[in-house]
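The values are calculated or read from the model by the stated rules, or taken from the named source; none is laboratory data. If you're wondering where the values come from, they're calculated on a predicted model, not measured in any experiment. Methodologically, a virtual Cβ is constructed for each residue, glycine included, from the backbone with ideal geometry; neighbour enumeration extends over all protein chains shown. The protein model used for the area step is the full one, side chains on, heavy atoms only, and it has no ligands, DNA or RNA in it. Shrake-Rupley method; radii C 1.70, N 1.55, O 1.52, S 1.80 Å.
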Amino acid sequence: MSQDLLVKRSILIFLTCFAFLLSASSLLAGEYLDSAHGSSSIGVFRPIIGNSPPSGFNYSRGNCAHCHEQHASIEGSEPAPSTGGPSSYELFARNIDTAQKTGPFIEADNFCFYCHNSPTSAQAVLNNDYSQSFGCAPQGATTIMTTMNQRSYHNLYDIWLLAKDNFAWFTADSNPCDACHNPHLAKRNWANAKDPTFSVMSKPTDHFALWGTTETMDSSYNTKYEPPFCSSSLLTREPDASVDDAAGRASTPDYVAFCVTCHTTTDTIFSTSLNRNLSTIDWGNTGDKHGLRLMDGTVSTKEPYDPSSGGTDFVLSCLDCHEAHGSGSVMLMRRRANGSDLTGTIDTFETKDWGLICLKCHIDDDEAGIGNANYWEYVHHQVSDAPYYKDGPCTGCHTRGAGFPIDCQECHTHSGTPTKADTQGSGIGTYRIPF
Ligand code: HEC
Ligand code: HEC
Ligand code: HEC
Ligand code: HEC
Ligand code: HEC
Ligand code: HEC
Ligand code: HEC
Ligand code: HEC
């Protein structure tokens, strides 16, 4: 045995002790072994330490040391700090580079990207976005890093800032991915999409448990939650082509409660990538109509939300419209919703292209039989409870460019007030339209 290998063997013994101490204090071995990372069949495995000698050291798949090692003591790269002791949490690479304030991200920006990326310098892990794993979309980005390197993404730096100030367990050295995941517990929901006990999520306020195993859209909202269509035939539901609505809602974790742990009705969240504060989110009964707030009058929605087929006052899941990590459209918008792909992407904020996602569930002029796809005269001017009459000069409202259309987000935002309606002299005033 070479001197080098001997040293590494003794470090292995040290690490095993380290792991024992740690596991005694905060980790239940069973839970870890049931996690995706701890699994002996699909879990963590860095060939550089897992292979048989001489190319590796025979660490078994799932061993903690595939992530934890002392200060580059086995085969890690030199993490920060470059001098003065082991890196935080004794990981094989730096947990987070907080100097990286916006994307695009590279492997060295985040410890998780040493594996959740491809190719990698550790272990490539393939993952799909929500639209695909749970919404029947065709192949999109294939790793978490590439998903986050699209037009919009949950900015890791801002999440780190927010979590550090709000959740006691989260330290300045913690990983922003861990604000939503516990790497010792997370399971593989996508491979068991119809079984929420395989949750990937941990609420930042309850980090040492999985979220959504029993807390489902069914247990929280019952039939007020209508799982969207999944397959293009419109015969199955999310998640992952569930046979019917009951099966779908029982299999969908309560993403609303998860997301609003951070996106509260009161807290100001600053986004470095958008360079502004985000609007608050209110899914309660005085907030958005896509939440618990009742609709007024009639609603012009398609199946499976058609009120004429029985249901009213639906509550949507955040992930019916949003991705969790990133998207080719702005604002983490999904590329497929309610059983069909978006025609194109939503590239800017000031646009009528928002209609591309609305029309997945609402009746546009084409569906109403009065005009083209993604034109919206019907719901605003023609339906019985239309909000705007076409009296007075059309230019009172339709003044920008050719006048048509008016950009949707001037009026439709979460918990928002229209920001530009007044300058159009429309008389629309401070109409608040939480959608
Ligand atoms: C050493 C490689 C490695 C590192 C580092 C790593 N992962 Fe993983 N991760 C894996 C493997 C392997 C799986 C399971 C295999 C699979 O799902 O294909 C997995 C699975 C997961 C899952 C469960 C969902 C799924 O696709 O199975 C989550 C969530 C997850 N990882 C998050 C993280 C987070 C967060 C970090 C950083 C704190 C991280 N991972 C770091 C290798 C790694
Ligand atoms: C997929 C990589 C990965 C694996 C495998 C892994 N850990 Fe961790 N562990 C992490 C990361 C990342 C952190 C830092 C947590 C944070 O960002 O706050 C961490 C933190 C910890 C902590 C500090 C307390 C806490 O939970 O945050 C302990 C203790 C710990 N790990 C023990 C273990 C033990 C013991 C094992 C094996 C049984 C293990 N870890 C396996 C990635 C991993
Ligand atoms: C704001 C919360 C949040 C953050 C931050 C976050 N995730 Fe996730 N992640 C989720 C949610 C919710 C899901 C379940 C839905 C899904 O699969 O898209 C998920 C799913 C996953 C999955 C399984 C994907 C699949 O194939 O279905 C992996 C792996 C994962 N996350 C890794 C990461 C890594 C690595 C990071 C950091 C770079 C990260 N997550 C940051 C919320 C988050
Ligand atoms: C751990 C706290 C946390 C959780 C949980 C969380 N978010 Fe966020 N979210 C943030 C922060 C911080 C920002 C600001 C950074 C940014 O713009 O990406 C943000 C930004 C966003 C944005 C704007 C993204 C953009 O284009 O910049 C959307 C959309 C969003 N979140 C949706 C969600 C959804 C949906 C969920 C649930 C799956 C969720 N968030 C869960 C912290 C969180
Ligand atoms: C019906 C589709 C839909 C649902 C459901 C939905 N959103 Fe959104 N969300 C949007 C659209 C469209 C935008 C962009 C317009 C805007 O900024 O308000 C957006 C923007 C956001 C933003 C950025 C707000 C800003 O200041 O620009 C956040 C944060 C967010 N959503 C979080 C959530 C959370 C959390 C939930 C669940 C409680 C949720 N969304 C449910 C469609 C939806
Ligand atoms: C995933 C399906 C879905 C998507 C996508 C969607 N909606 Fe909705 N929307 C609904 C449902 C269902 C209702 C009825 C809510 C209820 O019953 O309380 C609704 C209600 C509304 C209402 C209240 C109508 C009333 O008469 O009270 C407005 C306004 C609205 N949506 C606007 C939008 C806009 C704008 C978009 C695109 C940015 C959009 N919606 C995207 C499903 C959706
Ligand atoms: C009180 C404000 C208001 C007045 C006055 C008004 N509209 Fe509209 N109109 C809207 C809003 C809001 C929409 C929805 C956004 C959009 O599609 O431009 C709309 C949509 C339309 C659309 C669909 C455009 C598209 O591309 O989606 C047509 C066509 C239209 N209006 C015609 C007219 C005509 C013709 C008049 C005058 C006889 C008129 N409107 C007066 C507010 C108004
Ligand atoms: C000047 C403000 C304004 C603009 C701009 C605007 N809308 Fe609306 N929209 C409204 C109002 C007001 C309602 C009625 C809301 C209600 O009943 O709660 C409405 C209702 C809707 C509905 C719900 C229809 C239903 O099912 O009852 C949809 C969908 C919608 N708008 C889509 C759009 C789209 C897409 C655009 C951009 C092309 C747009 N709107 C632009 C004010 C506006």
Unmet requirement for Ala241, which otherwise passes all of (1) open to solvent by less than 50 Å² (accessible area, probe 1.4 Å); (2) hydrophobic (A, V, I, L, M, F, W, C); (3) within 16 Å of ligand 6 (Cβ to nearest atom): (3)
Residues within the range 205-225 that are among the basic types (Lys, Arg) and assigned to a loop (DSSP other than H, G, I, E, B), tallied: 0
Restricting the range 273-299 to residues that are among the acidic types (Asp, Glu) and within 21 Å of the chain's Cα centre (by Cα), the residue that is most open to solvent (accessible area, probe 1.4 Å): Asp282
Count of the range 104-139 residues which are closer than 27 Å to Leu274 by Cα, in contact with a Gly (Cβ under 8 Å, 6 or more places away or on another chain) and part of a loop (DSSP other than H, G, I, E, B): 2
Considering residues of the range 260-272 that are among the hydroxyl-bearing types (Ser, Thr, Tyr) and closer than 23 Å to Tyr157 by Cβ only, the residue least open to solvent (accessible area, probe 1.4 Å): Ser271
Top-ranked residue of the range 348-382 - restricted to ones that are in a helix (DSSP H, G or I) and open to solvent by less than 40 Å² (accessible area, probe 1.4 Å), ranked as nearest to Ile406 (Cα to Cα): Gly355
Test: residue in the range 241-250 that is under 19 Å from Tyr130 (Cβ atoms), at pLDDT 95 or above, in a loop (DSSP other than H, G, I, E, B) and basic (Lys, Arg): no
Residue match in the range 189-206 (condition: touching a residue at least 60 places away in the same chain (Cβ under 8 Å), in contact with a helix residue (DSSP H, G or I) (Cβ under 9 Å, 6 or more places away or on another chain) and among the small types (Gly, Ala, Ser)): yes
Any hit, the range 67-89, residues being assigned to a loop (DSSP other than H, G, I, E, B) and at pLDDT 90 or above: yes
Test result for Thr147, part of a loop (DSSP other than H, G, I, E, B), in contact (Cβ under 8 Å) with a residue 24 or more places away in the chain, closer than 30 Å to Arg249 by Cβ and of a type outside the set (Asp, Glu): no
Restricting the range 226-238 to residues that are assigned to a loop (DSSP other than H, G, I, E, B) and among the hydrophobic types (A, V, I, L, M, F, W, C), the residue that is least open to solvent (accessible area, probe 1.4 Å): Cys230
Condition broken by Phe314, with the remaining ones in (1) touching a residue at least 24 places away in the same chain (Cβ under 8 Å); (2) hydrophobic (A, V, I, L, M, F, W, C); (3) within 16 Å of ligand 4 (Cβ to nearest atom) satisfied: (3)
Criterion: open to solvent by less than 40 Å² (accessible area, probe 1.4 Å), within 16 Å of ligand 2 (Cβ to nearest atom) and at pLDDT 95 or above - qualifying residue of Ala209, Ala257: Ala209
Tally, over the range 146-182, of residues that are of a type in the set (S, T, N, Q), touching a Lys or Arg at 6+ places or on another chain (Cβ under 9 Å) and within 23 Å of Ser199 (Cα to Cα): 2
Complete set of residues in the range 163-180 that are surrounded by fewer than 20 Cβ atoms within 10 Å (Cβ to Cβ) and within 13 Å of ligand 4 (Cβ to nearest atom): Lys164, Asp165, Asn166, Phe167, Trp169, Ser174
Number of the condition not met by Thr223 [criteria: (1) free of Cβ contacts under 8 Å to residues at least 24 places away in the same chain; (2) open to solvent by 50 Å² or more (accessible area, probe 1.4 Å); (3) more than 13 Å from ligand 3 (Cβ to nearest atom)]: (1)
Positions within the range 26-46 being open to solvent by less than 70 Å² (accessible area, probe 1.4 Å) and either at pLDDT below 95 or acidic (Asp, Glu) (or both), in sequence order: Leu27, Ala29, Gly30
The listed residue being touching a Pro at 6+ places or on another chain (Cβ under 8 Å) and not charged (D, E, K, R), out of Phe270, Phe229: Phe229
Test: residue in the range 299-310 that is outside the structural domain of Asp366 (by TED's automatic domain parsing), within 16 Å of ligand 3 (Cβ to nearest atom) and in a helix (DSSP H, G or I): no
